[in-house]
Amino acid sequence: MKLIAHISDLHFGREDPHVVAGLLADLEQAKPQLVVVSGDLTQRARRAEFARARTFLDALPAPWLAVPGNHDIPLWDVIHRLRSPLGRFRRLITNDLTPFHLDDELAVIGLNTARSHSWKRGRLSSDQLEGARKLLQPLPASVLKIAVVHHNFVPRPDGGGHQVMKEGQRALDIFDDAGVDLVLSGHLHRGYSADTRVHWPGSRRSLIVVQCGTSVSRRGRGEPNAYNLLTLTRDRVEIAHRWWGGDQFVESSRHSWQRDSSGWRRDGETATQLQP
Ligand SMILES: [Fe+2]
Ligand SMILES: [Fe+2]
């Protein structure tokens, strides 16, 4: 059994320092084996914002794996945007745009979906998808395979965020071949999970998407700062959703997905804390 913390949309530049400290304290207590950051580390891809994001990553109490988001590409700085869209991310966060974690139970691959020309929807190239397939397909069936991207494959449960990943079905088909079971993503600043087959009926196999809200920024869009704690085994994914309660993070809900012969089935959800 493994414990992963899934944080997202940090948006340094618009961060709340009180929440940043609260998140570090909560993670210190939770003791995850890995922290996954699903993009938008900064607000405007400025050097000072990346430096603050890097200081935060260095203070995490566990190894981390991060992918960029659309906000990590400069929007108004056209020269940087066109010549070296992820130059600052590469210099100040990581030069590895396909980070990979492998242990006896989990394989986690990060894939960059941020593009200068598909800022809102993101996309994955054939080379990226083939690379993921080559890496993941040979791994034993006992390993749970997870992809981390920034942009969303499914809309929000209330119908918002209807713009989903460009050519998403092609990516899901290759994830299927590669044996990916779980996609961790952000971008919409809302936390929920869904079976991709609900939005992509052409999918051959069920694959769970777990979305994370904005963990430390003031861009909550009506939802408090939040992150997910995932307890993972090969056949069960338990998601504890933790909200900022004003002075600390608290568990707001918990639900799980169980693998059976037809794919992943969602178990009942327990609300443990009303929205602050
Ligand atoms: Fe964001
Ligand atoms: Fe985003």
Please identify the pairs in which a residue from segment 26-52 that is under 13 Å from Asn70 (Cα atoms) and within 16 Å of ligand 1 (Cβ to nearest atom) has its Cβ atom under 7 Å from the Cβ atom of a residue that is small (Gly, Ala, Ser) and not in a loop (DSSP other than H, G, I, E, B), counting only partners at least 6 apart or on another chain.
Ser38/Ser185; Leu41/Ala53; Leu41/Ala66; Thr42/Ala53
Look through segment 24-39, keep the residues that are within 16 Å of Arg54 (Cα to Cα) and surrounded by fewer than 24 Cβ atoms within 10 Å (Cβ to Cβ), and return whichever of them is nearest to ligand 2 (Cβ to nearest atom).
Val35
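Please determine, by comparing only the residues of segment 197-227 that are among the polar types (S, T, N, Q) and modelled with pLDDT of 95 or more, which one is farthest from ligand 2 (Cβ to nearest atom).
The initial filter retains those residues of segment 197-227 that are among the polar types (S, T, N, Q), namely 203, 206, 211, 214-215, 217, 225.
From the residues that got through so far, the ones that are modelled with pLDDT of 95 or more too are 211, 214-215, 217, 225.
Working: Gln211: 12, Thr214: 9, Ser215: 13, Ser217: 11, Asn225: 16 Å.
This residue is Asn225.
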Determine which member of the set Ile146, Ile109, Ile93, Ile174 is within 16 Å of ligand 1 (Cβ to nearest atom), buried (at least 17 other Cβ atoms within 10 Å of the Cβ) and of a type in the set (Val, Ile, Thr).
Ile93
Leading residue by the ranking (farthest from ligand 2 (Cβ to nearest atom)) among those in segment 165-186 that are assigned to a loop (DSSP other than H, G, I, E, B) and under 24 Å from Ala5 (Cα atoms):
Gly179
I'm checking my understanding of the structure. Among residues of segment 187-202 that are away from ligand 1 (no atom under 16 Å from the Cβ) and either in a loop (DSSP other than H, G, I, E, B) or among the aliphatic types (A, V, I, L, M) (or both), which one is farthest from Cys212 (Cα to Cα)?
Gly202
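Please state which one of His6, His71, His101 is assigned to a helix (DSSP H, G or I), touching a residue at least 60 places away in the same chain (Cβ under 8 Å) and buried (at least 18 other Cβ atoms within 10 Å of the Cβ).
After ruling out the rest, the residue left standing is His71.
The values are calculated or read from the model by the stated rules, or taken from the named source; none is laboratory data. For clarity, every value in this text was computed on a predicted model and none was experimentally measured. Using ideal geometry, Cβ is built from the backbone for each residue, glycine included, and neighbour counts are taken over all protein chains shown.
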